[in-house]
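The values are calculated or read from the model by the stated rules, or taken from the named source; none is laboratory data. Predicted model only: the values in this text are computed from it and were never measured. Because the Cβ atoms are built from the backbone with ideal geometry, glycine has one as well, and the counts that use them run over all protein chains shown.
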Amino acid sequence: MTVERAEIAIIGGGPAGAAAAVRLAHAGRDVLLIERSRTTMHKLCGEFVSCEALAALDGLGIKLPTAGVVPLAAIRLTAGNIVAEARLPFPTAGLSRRLLDMLLLREAVRAGVRIRRGVAVRKVEAGKGSAAIHLADGTTFDAAEAILATGKHDIAPRARETRWPGRRSMLGLKMHLRLSPEAASRLGPAVELHLFPGGCAGLQPVGNGVVNLCITLDRNEFARAGHDFRSFLDHIGNGNAAFRAAINDASLLWPRPLAIARVPYGHLRGPQELPDHLWPVGDQAAVTASFTGDGIALALAGGIAAAEELLAGGSSASYLRAFRCRAKRQMRCAMALQRLIDYPSLHHPLVALARRQPWMIRKAASLTRLPRAAGSDSATERWRKPEAAEARPEPGGT
């Protein structure tokens, strides 16, 4: 067995892990990032970059306007034949998660982070004064601190829990589409949330004529469609006219959708749940309702907050206490709204009410955001008036 040393080891190269790595490396710390995938791949993600995420990326030196990002201006909520629309009350954007990960990891390399790719972490053990990270190839890293940014995958000594056990039956699906010219024109610079019995489907542009479709649904609904994705889209469209019009003649850009199950929605990790020297960030720290589009913001905020606390000489417990305090309002509001959406009988009344009172959509969007950090308004001001711009091709295609 080979034993190597690292001052700070980060497990996972998604937004949370990469953000922590960039912040620590900018401060001159020795950082090792371990990522199990050999190349940057598409991940199951809504690809909605909120105002908080825009400010966080700006602070890390990621200049999104040069990366083909799509500014978003409106939100639409639909159920059956009813459509409600409102302007977004804050600057937002759509961006391929794959491209976002590439930009963050590129900045991490530029800042001096050591990155080891293509090997999985099998076990993490926290001892006195250090953490032992055991890799699948037999290598063990002895690190003073270990940041857990493994997303949906649990490798920590204690798995994540949820206060909403019923959400454990939910399935997440993601597909990239190319809409017909008419449907693309109707969608415009907007994000759409289509409600249907058993779930919610989100549509938004992410650049280069590509639209991201993310669906959260009860797995039994997918089983009734024979686990056939195209048939399931038709099933949703049969009960939601706006969704049917949006995906009519759409081209599926991948052979099959990305899928994930048993996500612990509503999880917010407590400060005493892990041993010292283990710092959970991203989905290891908090998992909000998918429809809010705040997952990337939570991941970036957690990664940066953990790095800041570590640099200040604090503990993982003190970081988690502060992060819980910052995130708890967002989580409570998000999960309360999610519980309403879980009742199909409320879909039509809710959307009809929102159509008459569009301020309710803006209020719900605002309540399901993380509190803004100081200086975030100025960092995102340029996004308040979205302008059409020539999108740059995403490296490696869609």
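For residues that are surrounded by 20 or more Cβ atoms within 10 Å (Cβ to Cβ) and more than 14 Å from the chain's Cα centre (by Cα), scanning just region 27-55, find the one that is farthest from GLY14 (Cα to Cα).
Selected residue: ALA55.
Taking GLY207 as the residue in question, decide whether it is at pLDDT 85 or above, on the phi > 0 side of the Ramachandran plot and buried (at least 20 other Cβ atoms within 10 Å of the Cβ). Spell out the reasoning first.
On the way: at pLDDT 85 or above: yes; on the phi > 0 side of the Ramachandran plot: yes; buried (at least 20 other Cβ atoms within 10 Å of the Cβ): yes.
In short, yes.
Has region 260-271 got at least one residue that is over 22 Å from the mean Cα position of the chain (by Cα) and of a type in the set (Gly, Ala, Ser)?
No.
When you scan region 278-290, how many residues do you find that are buried (at least 24 other Cβ atoms within 10 Å of the Cβ) and either at positive phi or not in a loop (DSSP other than H, G, I, E, B) (or both)?
Matching residues across region 278-290 total 7.
Which of the residues belonging to region 210-229 are among the aliphatic types (A, V, I, L, M) and either touching a His at 6+ places or on another chain (Cβ under 9 Å) or at pLDDT 85 or above (or both)?
VAL210, VAL211, LEU213, ILE215, LEU217, ALA225 - these are the residues of region 210-229 that are among the aliphatic types (A, V, I, L, M) and either touching a His at 6+ places or on another chain (Cβ under 9 Å) or at pLDDT 85 or above (or both).
A quick yes/no check of all residues on (1) within 30 Å of ARG29 (Cα to Cα); (2) of a type in the set (Lys, Arg):
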| residue | (1), (2) |
| --- | --- |
| ARG262 | no, yes |
| TRP279 | yes, no |
| THR288 | no, no |
| ALA306 | yes, no |
| ALA312 | yes, no |
| LEU320 | yes, no |
| TYR343 | no, no |
| HIS347 | no, no |
| ALA352 | no, no |
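Quick check on region 216-255: of everything there that is under 26 Å from the mean Cα position of the chain (by Cα) and in a loop (DSSP other than H, G, I, E, B), which residue is surrounded by the most Cβ atoms within 10 Å (Cβ to Cβ)?
Ranking the candidates gives ASN240 first.
Within region 311-398, which helices (runs of 4 or more DSSP H) (wholly inside it) include 1 or more residues that are out of contact with any Cys (no Cβ under 6 Å at 6 or more places or on another chain), surrounded by 17 or more Cβ atoms within 10 Å (Cβ to Cβ) and modelled with pLDDT of 90 or more? So that I can check it myself, show each step before the final result.
On the way: elements: 316-341, 347-356, 359-367, 376-380.
Counting at least 1 such residues, we get 316-341, 347-356, 359-367.
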